[in-house]
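K.L.:
First the structure, which I've put down as structure tokens, then a few questions once you've had a look.
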Amino acid sequence: MALALSGRLAAAQDQPQPADPAPAAAPGAVPGAAAGADGTVVENFDFDAFSAAMRQRSTQPFVENPIQLPEVLTKLTYDEHRAIRYIPDHALWRNDPINFQLQPFYPGALVRDTTRIFVGDGKRFQLQQFNGSDFEYRAPLDPSRFQNLVLPGVAGFRLHTLLEQPDYFDELVTFLGASYFRALGQGTRYGLSARGLAVNTATQTPEEFPRFSAFYVVKPNPGENEIRLFAELDSPSLTGAYAFTIQPGPQTVMDVTARLYFRNAVDRLGVAPLTSMFTFGENDRRQRDDFRPEVHDNDGLAIHRRNGERLWRPLRNPETLALSYFQEASPVAFGLLQRDRDFSHYEDTESHYELRPSLMIEPIGDWGRGMIELVEIPTKAEINDNIVAFWVPEKRPEAGAQYEFRYRMRWGLDAEAPYTLATVTGTYGGLGGNPADENPSDTRRFVINFSGGTIGNLPLDAKLDPIVTVPDGAELVHTGLDRLPGGGWRLSIELRRRNDTPIELSAKLSMMQRIVSETWLYQWTGA
């Protein structure tokens, strides 16, 4: 079984992630548009023609990236590669009166597969050439060895904009490694990543890492607060044409169109995949000897159904690989959230997990039937991304199939639309029974805090009814509901296992036969 486990880095601008070992398509100007003889100029670009060209490419055998990096780059060590930084004064559009700037990432070391960046006005694009002299080479490197290099490609790029203040260009989004990218909203620090696509994640078939082999970036006009770009996606099993529109703000909003063309059948297609880290938290410490109470980029999976129901599944770091499936019909939204914004719950003055962004995916149009899959991978170190979530269409792609998915991504401190239901603000677990009893209990207690929504306005003597669903593998021993200081409610449930199989629990609150909270879900595996 092959799973995506990517290295996590404290600062993307200084420490780019190693690229995933996915082969890349042959570089060149996008097919389907008039290009210069040397492939450095694209004329008459059009997204439909671009898509048709990628569809045509899918009928041809996959070609690995023929770009050979100079030996001086391939022999860079990881630490040497980290010592190379792009010179900010060389940023693309730095001297233009527009709201964005572009900086490339250096290739070499572990980043062997490169991409090419074309820049233009949306109709005509020119290959952007980057040279060794555009970068700073810090000790122990000798800058003279790199100054005259003409880079055949770059590892990726990042966009900067006036995100936090009007006189400084903050980093907004990075595209780096395979089809990985991540973005920031106001007041956030880098956390989870997104991908263009996931192919055969958590299956018996080896996982593929499709790769953005070229980008076409539209230079914004003065005063515009959004930027558009297009990307070629390629892998042994498929090709793709992607369009992105990115608008920064308190929530950075990205509109994505993905058109996919399949060379081969795919066992499991993961659409709009999200990748994150959960090492331990309030619900899952497992005897962690760490001064920090919690370490995670996101603490739960949220799903918004078309019938108005909202689901919340706290994340876990399981002892063995855990897979969860949520059957859905064209969901309104799903995503990985960081709901806990209290610094004292993390006590980390370096990583500031309380500032990691949440990300919601909002499908545009009818995605039909399928499922949201959650993959939780055991990890002992917070450098590993061990959480993956994505949409799986009901119909498995076959060779020659064509799919289109459109969706909106919201990155920020708060990525959910407001609503009247109470939300889960805490999940805790421990031994059941009487705390004063010296004999160990054979039960386990789960405590769920609900806050917000209309239940926050209820009088102290209001009566709520818990609705708890427990499968046959467990026995519900006790439930209790108490008022919390500040207006919330605490549901306590005590259970006894009947066997060792994973137990899928759910709970929600009702009043006068009306649901007044989102639905809490949990996979109990005996710990």
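The values are calculated or read from the model by the stated rules, or taken from the named source; none is laboratory data. Quick caveat: nothing in here was measured; it's all calculated off a predicted structure. Cβ: placed from backbone, ideal geometry, glycine included. Neighbour counts: every protein chain shown.
K.L.:
Looking only at the stretch 396-413, count every residue that is among the hydrophobic types (A, V, I, L, M, F, W, C) and part of a strand (DSSP E or B) and tell me the total.
P.N.:
Here the count works out to 3.
K.L.:
Right, something else. Are there any pairs, at least 6 apart or on different chains, whose C-beta atoms fall under 6 Å, with the first in the stretch 340-361 and of a type in the set (S, T, Y) and the second assigned to a helix (DSSP H, G or I), and if so, which?
P.N.:
Cβ pairs passing all conditions: Y346/Y353; Y346/E354.
K.L.:
Please determine, by comparing only the residues of the stretch 90-120 that are among the polar types (S, T, N, Q) and either over 16 Å from E136 (Cα atoms) or surrounded by fewer than 22 Cβ atoms within 10 Å (Cβ to Cβ) (or both), which one is modelled with the lowest pLDDT.
P.N.:
For the stretch 90-120, the residue satisfying everything is T114.
K.L.:
Could we say that E475 is surrounded by 14 or more Cβ atoms within 10 Å (Cβ to Cβ), charged (D, E, K, R) and either in a strand (DSSP E or B) or without any contact (Cβ under 8 Å) to a residue 60 or more places away in the chain (or both) here?
P.N.:
Criteria not met by E475.
K.L.:
Sort out which residues of the stretch 363-395 are farther than 19 Å from G281 by Cα and outside any loop (DSSP other than H, G, I, E, B), and write them in order of number.
P.N.:
P363, I364, R369, G370, M371, I372, E373, F390, W391, V392, P393
K.L.:
Report, by residue number, each residue of the stretch 231-276 that is assigned to a loop (DSSP other than H, G, I, E, B) and either free of Cβ contacts under 8 Å to residues at least 24 places away in the same chain or over 19 Å from the mean Cα position of the chain (by Cα) (or both).
P.N.:
Of everything in the stretch 231-276, those that are assigned to a loop (DSSP other than H, G, I, E, B) and either free of Cβ contacts under 8 Å to residues at least 24 places away in the same chain or over 19 Å from the mean Cα position of the chain (by Cα) (or both) turn out to be S235, P236, S237, R263, N264, A265, V266, D267.
K.L.:
Can you tell me which of (1) assigned to a loop (DSSP other than H, G, I, E, B); (2) surrounded by fewer than 18 Cβ atoms within 10 Å (Cβ to Cβ) is the one S344 doesn't meet?
P.N.:
With (1) assigned to a loop (DSSP other than H, G, I, E, B); (2) surrounded by fewer than 18 Cβ atoms within 10 Å (Cβ to Cβ) applied to S344, the lone miss is (1).
K.L.:
Does any residue of the stretch 441-455 turn out to be in contact (Cβ under 8 Å) with a residue 24 or more places away in the chain, surrounded by fewer than 16 Cβ atoms within 10 Å (Cβ to Cβ) and under 26 Å from the mean Cα position of the chain (by Cα)?
P.N.:
no
K.L.:
Is there a residue in the stretch 221-230 that is part of a loop (DSSP other than H, G, I, E, B), surrounded by fewer than 20 Cβ atoms within 10 Å (Cβ to Cβ) and free of Cβ contacts under 8 Å to residues at least 40 places away in the same chain?
P.N.:
Checked against the condition, which is being part of a loop (DSSP other than H, G, I, E, B), surrounded by fewer than 20 Cβ atoms within 10 Å (Cβ to Cβ) and free of Cβ contacts under 8 Å to residues at least 40 places away in the same chain, the stretch 221-230 yields at least one hit.
K.L.:
Quick one: in the stretch 123-146, of everything that is out of contact with any Lys or Arg (no Cβ under 9 Å at 6 or more places or on another chain) and closer than 13 Å to Y86 by Cβ, which residue is surrounded by the most Cβ atoms within 10 Å (Cβ to Cβ)?
P.N.:
The residue in question is F130.
K.L.:
Among the helices (runs of 4 or more DSSP H) confined wholly to the stretch 42-110, which include 1 or more residues that are β-branched (V, I, T)?
P.N.:
71-74
K.L.:
Working only within the stretch 497-527, note down all residues that are in a strand (DSSP E or B), charged (D, E, K, R) and surrounded by fewer than 15 Cβ atoms within 10 Å (Cβ to Cβ).
P.N.:
R514
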